[in-house]
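J.: Quick one: structure below, then a few questions.
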Amino acid sequence: MSKIREIHPDFEFLLDFKEPSLVALYKDLREFILELYPNSNELLYHTHALTSVYSISEKLSDAFCMIPIYTNHLNLGFNKGTLLHDPHGLQQGTGNLIRHIPIATPKDYRNKKVKDLVKAAIELALADMKTPTKKVGATISKITKR
């Protein structure tokens, strides 16, 4: 197993404002995603939630999942969740494409059902990619400093 990449300083700074238990959960979920697809590019945003997005390219449109961190909880989101075969009904939501799994403990994602769903999301993203990626395994901060 390779070492999981460091969290970008812009993101780490904002994580420090979150509850330590939520940060620990986020870091473990992030590690889970990066272990499944180490070449993913990590796109970082701070909008209505502090969010890390995992993409097969440097584009948001090629993303397969995301981890939005809210005030008291976080989710494992799937950018094209409605297109994924979800035989166990893990995903929630009502949007046209995006679905999520609420995350409260590592048991909510460290299991075969979620692992298979993430792998399916990666396969879908790879199949849908229009142009080859220019970056692999990069962390790209979209966080504007104020």
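We did not get these values from a lab; they are worked out from the coordinates using the rules stated. Everything numeric here is computed off the predicted structure, so don't read it as measured data. Cβ coordinates were reconstructed from backbone atoms using ideal geometry, including for glycine residues, and neighbour counts include every protein chain displayed.
J.: Going by how many other beta carbons lie within 10 Å of each one, how would you line up 48, 100, 8, fewest first?
T.: Fewest-to-most Cβ neighbours within 10 Å comes out as 48, 8, 100.
J.: Under a 5 Å amide H to amide H cut-off, with H placed in plane at 1.01 Å, what residues pair with residue 79 once short-range neighbours are removed?
T.: 65, 66
J.: For the stretch 58-146: lysine pairs with Cα atoms under 24 Å, gap of 8 or more or different chains, count?
T.: 25
J.: Only Lys, Arg, Asp and Glu count, each charged at its Cβ (+1, +1, -1, -1), so figure out the dipole size of the stretch 34-146 about its Cα centre, rounded to 20 debye. Don't jump to the answer; show the numbers that get you there.
T.: Details: 15 positive and 9 negative charges, 46 e Å.
Using only the charged Cβ atoms, the result is roughly 220 debye.
J.: Which residues in the stretch 94-111 have a backbone N closer than 14 Å to a point placed 7 Å from the Cα of residue 83 along the Cα-to-Cβ line?
T.: Backbone N within reach: 96-99.
J.: Given 5 Å bins starting at zero, what is the percent of C-alpha pairs of the chain in each, up to the one with the largest pair distance?
T.: Per 5 Å bin, starting at zero, the Cα-Cα P(r) for the chain comes out as 2, 10, 21, 24, 22, 15, 6, 1, 0 percent.
J.: Between residue 119 and residue 16, how many nm apart are label points set 7 Å from Cα along the C-beta direction?
T.: Inter-label distance under the simple model: 3.9 nm.
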